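A.B. asks: Pasting a structure below so you can have a look.
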Amino acid sequence: MSAKTLYDKIWDAHVVHEAEDGTSLLYIDRHLVHEVTSPQAFEGLRMAGRQVRKPENTIAVPDHNVPTTPDRVNGIQNEESRIQVEALDKNAKDFGIHYYPVNDVRQGIVHIVGPEQGWTLPGMTVVCGDSHTATHGAFGALAHGIGTSEVEHVLATQTLIQTKSKNMKVEITGQLRPGVTAKDITLSVIGKTGTAGGTGYVIEYCGEAIRSLSMEGRMTVCNMAIEGGARAGLIAPDETTFEYIKGRPHAPKGAQWEAALTWWKTLYSDDDAHWDKVITIKGEDIAPVVTWGTSPEDVLPITDTVPSPEDFEGGKVDAAKRALEYMGLTAGQKLSDIEIDTVFIGSCTNGRIEDLRAAAEILKGKKIKDGLRAMVVPGSGLVRAQAEEEGLADIFKEAGFEWRLAGCSMCLAMNPDQLSPGERCAATSNRNFEGRQGRGGRTHLMSPQMAAAAAVTGKLTDVRDLI
Amino acid sequence: MEKFEKLTGIAAPLPLINVDTDMIIPKQFLKTIKRSGLGVNLFDEMRYDDDGNEIPDFVLNKPQYRESEILVAGDNFGCGSSREHAPWAIKDFGIRCVIAPSFADIFFNNCFKNGILPIALPQDQIDVLMKDAEKGSNARMIVDLENQTITTSDGEVFPFEVDQFKKHCLLEGLDDIGLTMEKAPAIDAFEAKAGTERPWV
């Protein structure tokens, strides 16, 4: 048998049918569903008189639209948002799928809830009508976002029509320096390869620095594989993975656990596997980074200065000009001189317990800069509860942060948490597109530690100065 | 699904790279539970000012491009979220074909599910098509899926590549789900086998 990558192995284990031209019907083990990209799919099923093929493997949770303020227990005020969440309530009930309603303590961002509940397991295929499904690749699962037509296709058939991507290896060697995190890894990779650098590929992240990451950190890395253009990001499962999964509500137990473990341990890329593209970065070379522009590839170390459009080539010259104008920045300005109005800690990229611990560590005994708006939005109700138990919530509140309920919140501004025109935000989310966090809003992406540091000083800050 | 065979139409030039799905259809329009009616909000934040008035400089607001059926754009078109609202909005506006040097993966797939043909061509060819599109409404471009060619208003012909299965589905207007349902026995067999090999799933 020829050598295979991890992606090859998972792919081969899920091919239902392969046509002569290579188009394959791929079996889907887990289908995660949220309220924004699913109503038209369920409507399609109804119109065609179709059922959900595997309701027991379909898991739904509302996250994009839900307000994160405590008054949401009284219902969602925005009518369109409420209708969308109510549609999911109804669809979950009518089609008999697993559901975590808005006021269930297990509710949260779909990509945080899935792993937390043990739905995501190594070697699985996982899809969701959301591009950040890449997150689940941290478990060695082939996980990617799909559109609503494909959501309907998976609901009806538990399969997807796919063509295989190419294999790309991203190796992060050595160890990270103090103050450098999984977020800095994933942003730095995109800074190096560009937002289209992964197009047509599935990325496997490997190397000592990746192995040293917790599951939370690995999820942060894989989460942004999509920002690098890749269909999915993967990390081979190991003891860290198994330890995280064991005992979770939907993880296998007893003899099934042992059987699963035996298979999971075969899930790695063979030494002599073929890679279509290889990127290697030294862990020691990665600095705490921030974004300066309106694309996740606009990444620089915090010690750097705002670039000039003339530093670029081709279409990027005009794009950089447009970005600087939108962001209200001047070439040559020190990144650490950029003053901010708002801090957002949360999202499927950085809304897990470890992220909150890291931010709280910086904020302990400190206050946020006067006049700043700062919020922490835990990724799930269970993350929130744990953070309260560990005393993190008190640290955030004493520092001047708002302590919110779980949801996507200001990552995408489909709910009341939004930026106003010109408002500048230090955000732990994943996209700095024009208008992403609210029309005219200006987003700088960074790690939770860096966002916490910015909250203290009121400007983009090198977290290493505070530790 | 509406068939795509041959399109003769006005091409709008949008020479921007990294046009993301938030630009194509901002999040406030994702709250719909329908697929239709999004065309009026296509490129909303570039197309309208804060008061909802049209921004005259934006290409689709210019008189000669209001009836565009083709869009010529820069690298990495459709990056960002998986929202199928992006191709729904494009289609609802009346655009059936997007031509760019490269596309983001999910957007690219979503187009085919909605009768939109995305075509990737090398940058030097895009440059020629962009110039042709800049001529406005007197210049019609022809996109012929059957023969896999684009013909400029000057008669210059550019062949393009397309996945043969996707081409077949577009030409025939085929519904993927119906096609897959025909493979139900293979899916049943797979589930039976996987149930033995990986019972924990």
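A.B. asks: So which residues in the range B:10-32 are surrounded by 23 or more Cβ atoms within 10 Å (Cβ to Cβ), under 30 Å from A:Pro62 (Cα atoms) and facing another protein chain (nearest Cβ under 7 Å), if there are any at all?
C.D. replies: Correct list: B:Asn18, B:Asp20, B:Asp22, B:Met23, B:Pro26, B:Lys27, B:Leu30.
A.B. asks: Can you tell me how many residues within the range A:49-80 are without any contact (Cβ under 8 Å) to a residue 40 or more places away in the chain and of a type in the set (D, E, K, R)?
C.D. replies: Qualifying residue count, the range A:49-80: 3.
A.B. asks: Taking the residues in the range A:410-432 that are surrounded by 24 or more Cβ atoms within 10 Å (Cβ to Cβ) and at the interface with chain B (Cβ under 9 Å from one of its Cβ atoms) as candidates, determine which candidate is farthest from A:Ser336 (Cα to Cα).
C.D. replies: A:Met414
A.B. asks: If you don't mind, there's one more thing I want to ask. Please give the helices (runs of 4 or more DSSP H) falling wholly within the range B:42-116 in which 2 or more residues are at the interface with chain A (Cβ under 9 Å from one of its Cβ atoms) and over 20 Å from A:Ala232 (Cβ atoms).
C.D. replies: Because the criterion is at least 2 residues that are at the interface with chain A (Cβ under 9 Å from one of its Cβ atoms) and over 20 Å from A:Ala232 (Cβ atoms), the helices (runs of 4 or more DSSP H) in the range B:42-116 that meet it are B:44-47, B:85-93.
A.B. asks: Output the residue which, of all residues in the range A:132-160 that are in contact (Cβ under 8 Å) with a residue 40 or more places away in the chain, within 7 Å of chain B (Cβ to nearest Cβ) and in a helix (DSSP H, G or I), is nearest to A:Tyr268 (Cα to Cα).
C.D. replies: A:Thr157
A.B. asks: Among the numbered criteria (1) more than 11 Å from every other protein chain (Cβ to nearest Cβ); (2) in contact (Cβ under 8 Å) with a residue 40 or more places away in the chain; (3) closer than 27 Å to A:Pro55 by Cβ; (4) not small (Gly, Ala, Ser), which one does A:Gln84 miss?
C.D. replies: (1)
A.B. asks: Restricting attention to the range A:167-176, report how many residues are part of a strand (DSSP E or B) and more than 22 Å from the chain's Cα centre (by Cα).
C.D. replies: 1
A.B. asks: Among the residues of the range A:1-23, which ones are in a loop (DSSP other than H, G, I, E, B) and away from chain B (no Cβ under 13 Å)?
C.D. replies: Of everything in the range A:1-23, those that are in a loop (DSSP other than H, G, I, E, B) and away from chain B (no Cβ under 13 Å) turn out to be A:Met1, A:Ser2, A:Ala3, A:Lys4, A:Thr5.
A.B. asks: Looking at A:Gly207, is it surrounded by fewer than 24 Cβ atoms within 10 Å (Cβ to Cβ) and more than 27 Å from A:Ala427 (Cα to Cα)?
C.D. replies: Answer is yes for this residue.
A.B. asks: Of all residues in the range A:353-403, how many are basic (Lys, Arg) and either assigned by TED's automatic domain parsing to the domain that holds A:Val102 or within 22 Å of the chain's Cα centre (by Cα) (or both)?
C.D. replies: 2
A.B. asks: Here is a follow-up. Suppose the filter is touching a helix residue (DSSP H, G or I) at 6+ places or on another chain (Cβ under 7 Å), in a strand (DSSP E or B) and outside the structural domain of A:Ile112 (by TED's automatic domain parsing); does A:Ala426 pass it?
C.D. replies: yes
A.B. asks: Please note which helices (runs of 4 or more DSSP H) are completely contained in the range A:206-274 and include at least 2 residues that are farther than 30 Å from B:Thr21 by Cβ and touching a residue at least 60 places away in the same chain (Cβ under 8 Å).
C.D. replies: Result: A:208-211, A:239-245, A:254-264.
A.B. asks: On to the next question. Among the candidates A:Glu227, A:Glu258, single out the residue that is buried (at least 16 other Cβ atoms within 10 Å of the Cβ) and among the acidic types (Asp, Glu).
C.D. replies: A:Glu227
A.B. asks: Against the condition out of contact with any helix residue (DSSP H, G or I) (no Cβ under 6 Å at 6 or more places or on another chain), under 30 Å from A:Pro378 (Cα atoms) and either among the aromatic types (Phe, Trp, Tyr) or surrounded by 15 or more Cβ atoms within 10 Å (Cβ to Cβ) (or both), how does A:Ser336 come out, does it pass?
C.D. replies: Considered against the rule, which asks whether it is out of contact with any helix residue (DSSP H, G or I) (no Cβ under 6 Å at 6 or more places or on another chain), under 30 Å from A:Pro378 (Cα atoms) and either among the aromatic types (Phe, Trp, Tyr) or surrounded by 15 or more Cβ atoms within 10 Å (Cβ to Cβ) (or both), A:Ser336 comes out as yes.
A.B. asks: Filtering the range A:382-400 down to residues that are surrounded by fewer than 21 Cβ atoms within 10 Å (Cβ to Cβ) and not charged (D, E, K, R), which residue is nearest to A:Pro62 (Cα to Cα)?
C.D. replies: Among residues in the range A:382-400 that are surrounded by fewer than 21 Cβ atoms within 10 Å (Cβ to Cβ) and not charged (D, E, K, R), the one nearest to A:Pro62 (Cα to Cα) is A:Leu382.
The values are calculated or read from the model by the stated rules, or taken from the named source; none is laboratory data. On a predicted model such as this, the values are computed, not experimentally measured, just so you know. Positions of Cβ are backbone-derived with ideal geometry, glycine not excepted, and every protein chain shown enters the neighbour counts.
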